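Participant: The structure follows.
The values are calculated or read from the model by the stated rules, or taken from the named source; none is laboratory data. Please read these numbers as outputs of a predicted model, since none were measured by experiment. Here the Cβ positions follow ideal geometry from the backbone for every residue, glycine too, while neighbour counts run over all protein chains shown.
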Amino acid sequence: MAENDVILETRGLTMRFGGVVAVNNVDFSMKEGELRCLIGPNGAGKSTFFKCLTRQYKPSAGQVFFRGADITSDITFQIARRGIGIKTQVPSVFDGLSVHENIWLSARRHHKTRAANKITDQIIERVGLGHATKQLVGRLAHGERQWVELGIVLTGEPKLILLDEPTAGMTGDEVGRTTELIREINRQAALIVVEHDMQFIKAIAQKVTVFHHGQILVEDTMINILSNQQVRDVYLGKHAV
Amino acid sequence: MTDLMTSFRRFDSSRHGTWVVAGVMVVLLFILPVLDDPLLLLQVRYYISMIILALSMAFIWGFGGIMCFGQSMFFGLGGYAYAIAVGNFGESTAPFFLAMIVPALFAAFLGYFMFFGRLNDVYVAVITLAVTLALYYFINSTSGDEYTIGKARLMGFNGISSIRKFNWPGDSTALLSANHLFYFAMGLLIATYVGLKLLLGSTFGRVVVAVKENELRAELLGYDVRLYKLAVFVIGAAIAGLAGCLSINYKNFISPNAFHLSLAAQIIMWVLVGGVGTLLGPIIGCVVLLYVSFILGTGASGGGLNTYLIFGLIVMIFVLVIPQGIVPTLRDWREQGGRYRRMTAGAVLSMAEQLPASSRAPVRAFGERMLGLAPPSGHSGNKG
């Protein structure tokens, strides 16, 4: 197969909620090791697209392929086991447990207890939460909880990572650190990043996909996207498309 | 600073608590029979069976996050399984295990539909409530002669009486004495408590708690949450069945009331009052509420008070005033107390620095003692 290096592909992916079509017949494809940015105005269907990929929603129609395998009928935990990790828009972490326990639970999924302990310490160091190991995650600041979730996702060593607004609630410095971390992660895994922060997108983007009304509007490099009249109209609310 | 940390850790150690509780149980195990009070032993055996039932609910609700409104069904199933099996076999070893196996199988069957069908908490509560009531009415209607399993009649609302007690394994003629029955029950309580603690500390237990904390994240990590919930439900059912079997060995009798709503509700009250998310809490809640109902029931209170009315009041007071339950609230107080003590000690120590050198030592020693530190040698020791 010539598609050997395609890591993720959707064919005609559609998600309807009653009369609302949140994701409309999306044909999306990306390669191994790619870092793809997903942008679009609020309600464009980006988060719903992510939820369809991880089967938090069951797509109304269409198929999802991961590394050539049809994963449309897999359920959430099976998709996770195949190597897709996701950081959700509202941080999904274990608020009542310590930072260490959060990361450990992710590490233990793939390793024996002793190895998991070691990996946990490494990851906590890597995301810079060494000072808060024993603290309950629910008591951390929003930005720090984002880090915890990133740590949880990284620990699973996924082949494809979906990041839904990873810099929300972070300070300027923290955004900088996230940018570095994402570049670093990209050496081992493909990434799809949903973000509204254009500075951040500019800093990391290779190829950008623009969503609008549940469909792919354009797909191009960041420079071309920025000068694209259609995209400007969509963001500024002109009645285009 | 590190000293502060160690003293903080001492206040935070829930692990020591486990050994204290288990230790108290072991002490009771040896002391109570020596008192030579058969009535007391009998009474304690009743409490033990109820405490084990409380532990089963504490586990599935407090740690597994499964709100089972019909935990009494497994208690009843365990009891009936024992009663029917022992009536048939005339020997208690296999029935003892069946008392855990039957409820566990039933829980596996029921739980499969609930958890693999992805029902949410409210539906789980409603379904378990409905099932226990269905069993209650079913067993109630089995007084006819046609309802027999092997040699044992179900007896319907009359209940099954004069059920054989435990015998030594393999020798059906050697029944356990009252003391031995107590040792056996207490031993099982200790095993249940320590076993649950060990389970909760294991990888399985940690994942179970994670599933309760955030089901979605646990699943996104690749854990099959349906399986974990089912396992918790089944383990809880087996423990409740064990309680049912022990309770029969206390009163030689079982009736459909084992499935009744009032018991189902009481189990929830024990956990609620003692503290959801702990094992010690429900033990305390169970003992306290049983004792309250004993006092009200015997009329020692002057009589005329409705037990359920009082229970309703107690639950309302707890929900409004101490919603966390007894044990978590005490734990908070202790931590708070520790914080105040350390703050005061810090103030005393800094005050000591301001004092003239001659009177500094005793004040500092006092502050250090408040912090719970041994006075550093060569410091205050030299001067004093």
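Participant: Is there a residue being surrounded by fewer than 20 Cβ atoms within 10 Å (Cβ to Cβ), modelled with pLDDT under 95 and not in a helix (DSSP H, G or I) anywhere in region B:231-252?
Facilitator: yes
Participant: Next up: Can you tell me how many residues in region A:81-101 are facing chain B (nearest Cβ under 7 Å) and touching a Leu at 6+ places or on another chain (Cβ under 6 Å)?
Facilitator: Selection size over region A:81-101: 2.
Participant: Let me ask another. May I ask you to verify whether B:V194 is within 19 Å of B:G277 (Cα to Cα), assigned to a helix (DSSP H, G or I) and within 10 Å of chain A (Cβ to nearest Cβ)?
Facilitator: no
Participant: Could you list, in sequence order, the residues of region A:60-84 that are in a strand (DSSP E or B) and under 30 Å from A:G143 (Cβ atoms)?
Facilitator: A:I84
Participant: Let me ask another. In region B:210-251, what residues are among the aromatic types (F, W, Y) and closer than 30 Å to B:S161 by Cβ?
Facilitator: B:Y250
Participant: Quick one: which of A:S29, A:S47 is in contact (Cβ under 8 Å) with a residue 12 or more places away in the chain, within 14 Å of another protein chain (Cβ to nearest Cβ) and of a type outside the set (A, V, I, L, M)?
Facilitator: Answer to the selection: A:S47.
Participant: For region A:182-206, enumerate the residues that are under 15 Å from A:T221 (Cα atoms), crowded, with 16+ Cβ neighbours inside 10 Å and without any contact (Cβ under 8 Å) to a residue 40 or more places away in the chain.
Facilitator: Matches in region A:182-206: A:F200, A:A203.
Participant: Using the structure shown, decide if A:Q56 is part of a loop (DSSP other than H, G, I, E, B), surrounded by 14 or more Cβ atoms within 10 Å (Cβ to Cβ) and without any contact (Cβ under 8 Å) to a residue 60 or more places away in the chain.
Facilitator: When the stated conditions are applied, A:Q56 passes them.
Participant: Shifting gears a bit: In region A:85-120, how many are more than 22 Å from A:Q135 (Cβ to Cβ), assigned to a helix (DSSP H, G or I) and touching a Ser or Thr at 6+ places or on another chain (Cβ under 8 Å)?
Facilitator: Number of matching residues: 1.
Participant: When you look at A:I39, is it of a type in the set (V, I, T), surrounded by 14 or more Cβ atoms within 10 Å (Cβ to Cβ) and modelled with pLDDT of 95 or more, yes or no?
Facilitator: Considered against the rule, which asks whether it is of a type in the set (V, I, T), surrounded by 14 or more Cβ atoms within 10 Å (Cβ to Cβ) and modelled with pLDDT of 95 or more, A:I39 comes out as no.
Participant: Which count do you get for residues in region B:200-256 that are more than 14 Å from every other protein chain (Cβ to nearest Cβ) and more than 22 Å from B:L110 (Cα to Cα)?
Facilitator: Summing the residues that are more than 14 Å from every other protein chain (Cβ to nearest Cβ) and more than 22 Å from B:L110 (Cα to Cα) in region B:200-256 gives 10.
Participant: Would you say B:F109 is within 27 Å of B:V86 (Cβ to Cβ) and surrounded by fewer than 18 Cβ atoms within 10 Å (Cβ to Cβ)?
Facilitator: So B:F109 fits the description; yes.
Participant: What number of residues within region A:124-149 are buried (at least 21 other Cβ atoms within 10 Å of the Cβ) and more than 13 Å from chain B (Cβ to nearest Cβ)?
Facilitator: Of the residues in region A:124-149, 6 are buried (at least 21 other Cβ atoms within 10 Å of the Cβ) and more than 13 Å from chain B (Cβ to nearest Cβ).
Participant: Could you tell me whether region B:94-116 includes any residue that is assigned to a loop (DSSP other than H, G, I, E, B) and either at positive phi or not acidic (D, E) (or both)?
Facilitator: No; the residues of region B:94-116 include none that is assigned to a loop (DSSP other than H, G, I, E, B) and either at positive phi or not acidic (D, E) (or both).
Participant: Looking only at region B:117-133, which residues are without any contact (Cβ under 8 Å) to a residue 40 or more places away in the chain and not in a helix (DSSP H, G or I)?
Facilitator: B:G117, B:L119, B:N120
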